[in-house]
Every structure is written in C-alpha cells, then in structure tokens.
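Single-structure report; data block below.
The values are calculated or read from the model by the stated rules, or taken from the named source; none is laboratory data. What you see is a predicted model, and the numbers here were worked out from it, not measured in a lab. Quick reminder, even Gly has a Cβ in these numbers, built from the backbone with ideal geometry, and neighbours come from all protein chains shown.
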Amino acid sequence: MERLSGLDAAFLSLESPAAHMHVMSVAVIDGSEAPDFDFGRVREHILERLPLIKPFRRRLVNVPFGLHYPVWVEDPFFDIDYHLQRSAIPAPGTPEQLAEFAAGVAGRPLDRDRPLWEMYYVEGLEGGRVGLISKIHHSAIDGLSGVDIMAHLFDLEANPAPRLDVAIAADWEPDHVPNDAELLGHAMVSMLRQPVRMARTAIKMMGPATKIVQRVRGGSNKAGLPLTAPKLAMNGMITPHRKIAFASVQLSEVKRVKDVFGVKLNDVVLAITTGAMRQYLDNRGELPDRPLIASVPTSVRTEEQKNTMGNRVSSLFASLPVHLADPMDRLHHIHEAMLDAKDMHDEVGASTLQDLAELASPAMLSSVMRMVTSLKLSDRFGTAIHNAVISNVPGPPFPLYIAGARMVALHPLGPIFDGAALNLTVISYLDSIDFGFLGCRELMPDLDDLANLVEASFSELVKLADAITAPTPSAPATTRKRRAIAESVPTPSPRTEASKPTFTKATGAKSTGGLSRVSPRSSP
C-alpha cells in the first residue's frame, strides 16, 4: 500500500466530465521482420512485464469523505483483458485515421475501480503496421516515469535474452485492501500534522516570492508570467471531445540549428512551435500583438526517485513571441525568456508545487473544480492564465522493440484543461522529434492545420542556419545581418539537466527518421 502525494491526488481532483487527466502515447509498430508478431504475442509480453510496472497492477482506494489522499493497492482482481483491447481501422489506414481513433480513446475517462490504464492494439495501418495506443492516468506517472515504463515494456533488440529483473519481480502478492476504519485512522493522524506543514510551506515561500516580485518590478524579467496571456478561442471551457494530430521533424537538423545559434534544443522546439502557432492564429484571424504564454512542465525527479510512481514535476512559463514576424527574432526572444524562466523557477524552488499541493484536501480541490466548471469562469475573464501546455521529454536515440517488432514512431499526448484547450507534447526517438497535438474538438476543430504548419516553421530555421554557415566569399547584406544577430545570441550558462531516461545502449542505431516519417502528410 502506498499513499498518493498531494500533487498526484490533485490530478484526480482536477478531473471533470470534460477534463480527463490521463496521458497517452500513440506508437507505430512494424512487425514485418517479426513473423510471429500478433495480438496474442503482445498480450503475453505485457503479462510477462507486468510485475515491473507498478501503475499497471495498482488501483485506487479512496479515504471516506475525501479526508485524505487515496492509496494505491495491488489489485487482487486484475484482469489483463479489460486493459488490453484489440481494434482495427478501415483501409487505407492513414495517420489521420489513427489520430481519429486515438481521439476517441482520449475522450473517455478511465475506470477508477480498476488500475488506471488502457492499451489498444490497432490493426489496419498502411504497410501492415500496427498502432499501439496507451493511456495512463496522470496521478500515476509524469513524463520521465512514463519513459521508465517504456524501458520496462520495450526491449533493445528483437530477440533479447531473458531479463533477470522480470524473474525477480515476478514473485509478488496483492496487497491487503484497507477498510474504512483503517483509512480514517491514518487520515486523522496526518490531519493533525497539517498546521505544521502549512506553516513550514508559508515560511519557505516568503523569500522566493519577494525575489520574484522584485525581478518583475525591476523590468529585467523576460519570462512568461501567468495571467498575462492573450485570450484566444482555445482558452475557453472545453468539452469531452478530443482532436489529435501528429508531426515530426529530423532530430539531427534540430541539433544543427541549436549549434549554429548557440541555444538549447528546447529553445528550437519552442521556436518551431511558435512559428507554427503564429501562422495558425493568423489564418484564424486571431494573431495577438503580444506573446502567448505556455506552461512547460519540468521534471524534478532525482536519481533516488527513478522507477517510482507518481509525479515529480514543477512548471515554468514560456513566452512564445507569435507577434514577431522574423524567425530569428523569435528564437532570440525564446532563448532569453527561457533563461529568465529557469532562473525564476530556481528561485521559487523545485519542490514548491509539491509543497503547495500537500496543503489542499481532495474534497476542497474537487469543490473548486466544480465551481469553475459550473460558473464557466474560463469564459468570463478577458485574459487567460496560460494559452497552452507544451512538454518536451527526452527519448532514446536507438530503436526499441516489443514482442519482437520494431517501434518506428512515438507520439506522446497530454491532458487539456478548461481555459487551455491545447496540449503539445514532444519526444525524441531515433533521429526524429515526434510531436503529439491534443485539443478540444469544439474549440480547435482545425488542429490538423496547426500540425501541418510544423514543417514550414522548422524549414524557416533550417534555411537561416544554412545561410549563416554557407561558405561564400562575400555574404549578401541580409545574410551578414542575420549572422550578426546570431552571434549576438549568448551562449547559455551551464544548468542542471533533467534526469535522462533509463535506456542504455553501447551504440546508437542508424537514423531512419525524416520530416515525412509518421506525419499527417504521409503513411507511417
């Protein structure tokens, strides 16, 4: 038995009939070189790995009256056939059809009486490939723990040797399911400590809050700030219906752009997104005269917290300058703003979000969310807290296999909320950066258009990098100007990187990726 943290419980309490707090991924699997690859083999494979993946075998037990956070227990009635389902899409099996199927999966909440995950084996894709759609509640995992799950579920080769960790973990038994009296007893003990925790958190917040106020008043801050976002059509009350779209760009080219301009890889990803958002909003007649504000989840998971359930995340706010026409100016703005955003995040403290979440009871959070929904507060205010959520998760640079078949693409998907109907989650895999767009169908029915603009936005940055590095005797004036701007971008100072995935391999695989791989514009 393991109690949820305040942040994990918050993802349960924030859930509503329209806002589903699960995270998803859409993988494309090529079984052409695995002749015995089929649904039965995948089912057997997942059952074998089940002991390694705690969220797959644990379910929630709620404390009576919502007095304390729920607990996880090993489910004594686990049934793999409820969680793993076989489906198919009709010919021709395009990426758009796979995205539409995934949108239907995204629009349905998970059953809280069972372990909070589902997986769909989707046949019928072009080229005989298979889609593997997974859905897990955010209360159980964050981005990096999701990558850890991949490390347990996938192999580094098609025919791996038997894994020792599987044999060791196979010897487990279901937990004792606590009764109401036991749950209430633990809750009362914890509630007695609540005033002390509140006082400690308040004292801890005083210093960072003062520093942030001074930074903002001093006018030196370029980071995005919540409640300063322009109000767009996507920043209204959402419905349960979802729209999903995919895009991909070449990782090696993103790294080249990063190196040419002396910025972070995440800066380039945000610049690609900003360029696509600028054209998308302009096409809709909604282009604002100031930056968008994006919430960017940030992992604070330590080495000791690897392979543990739950969330170890914080968040910072990115300024996306869609009002700037020049892609170089946008990249420069993002680079500077993200440095300030990280400084502000460091001043606040990595554990602040978790500390604050520990002060709110599940019953209180649920009541607040019901009030927000019933009063439609997101539609009433003239500004938005933020415009969208953008998450970037590092993935493995070498191929992964499941049940002998090779994964050729992976598109992650995150949840959306009232007031922010767009989630963009990005992961690197092989020589590709795969984008997963998830939006509210009613507020963003043209989400495909946004995904289709990613390639053009990235091409702008590649062309600028080409112009700067071109070995010409005398560069044109415009090229000299852009080179001067590029050289003015400061080299980022060393910073602590997020925890890397637990995949390891001696040598990377040969690149298979490109701009057209598993995008809405081509077959997977």
Given the structure, is residue 58 surrounded by fewer than 22 Cβ atoms within 10 Å (Cβ to Cβ) and over 21 Å from residue 403 (Cβ atoms)?
-> no
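Which residues, taken from region 384-408, are small (Gly, Ala, Ser), over 15 Å from the mean Cα position of the chain (by Cα) and not in a loop (DSSP other than H, G, I, E, B)? I'd like the intermediate steps shown before the answer.
As a first pass, look at region 384-408 and keep what is small (Gly, Ala, Ser): 384, 388, 391, 395, 403-405.
Then drop every residue that is not over 15 Å from the mean Cα position of the chain (by Cα), which leaves 384, 403-405.
Across region 384-408, the qualifying residues are 384, 405.
For residue 517, are the conditions met, namely being assigned to a loop (DSSP other than H, G, I, E, B), charged (D, E, K, R), buried (at least 20 other Cβ atoms within 10 Å of the Cβ) and at pLDDT below 70?
Values: assigned to a loop (DSSP other than H, G, I, E, B): yes; charged (D, E, K, R): yes; buried (at least 20 other Cβ atoms within 10 Å of the Cβ): yes; at pLDDT below 70: yes.
Spelling it out, residue 517 is indeed assigned to a loop (DSSP other than H, G, I, E, B), charged (D, E, K, R), buried (at least 20 other Cβ atoms within 10 Å of the Cβ) and at pLDDT below 70.
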Among (1) closer than 30 Å to residue 47 by Cβ; (2) crowded, with 20+ Cβ neighbours inside 10 Å, which single condition is residue 392 missing?
-> (1)
Residue check: is residue 236 outside any helix (DSSP H, G or I), at pLDDT below 95, touching a strand residue (DSSP E or B) at 6+ places or on another chain (Cβ under 6 Å) and more than 20 Å from residue 435 (Cα to Cα)?
-> no
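If you check 457, 488, which single one turns out to be at pLDDT 95 or above and on the phi < 0 side of the Ramachandran plot? Outline the logic, then answer.
Details: 488 fails: at pLDDT 95 or above.
Testing whether each residue is at pLDDT 95 or above and on the phi < 0 side of the Ramachandran plot leaves just 457.
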Could you check residue 51 against (1) within 15 Å of residue 153 (Cα to Cα); (2) at pLDDT 95 or above and say which number it fails?
-> (2)
Number of the condition not met by residue 151 [criteria: (1) assigned to a helix (DSSP H, G or I); (2) hydrophobic (A, V, I, L, M, F, W, C); (3) surrounded by 21 or more Cβ atoms within 10 Å (Cβ to Cβ)] | (3)
Tell me which residues, restricted to region 409-421, are farther than 19 Å from residue 135 by Cβ and assigned to a strand (DSSP E or B).
-> 420
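Residue 324 - would you say it is part of a loop (DSSP other than H, G, I, E, B), at pLDDT 95 or above and assigned by TED's automatic domain parsing to the domain that holds residue 419? If you could, list the steps in order and put the result at the bottom.
Numbers: part of a loop (DSSP other than H, G, I, E, B): yes; at pLDDT 95 or above: yes; assigned by TED's automatic domain parsing to the domain that holds residue 419: yes.
When the stated conditions are applied, residue 324 passes them.
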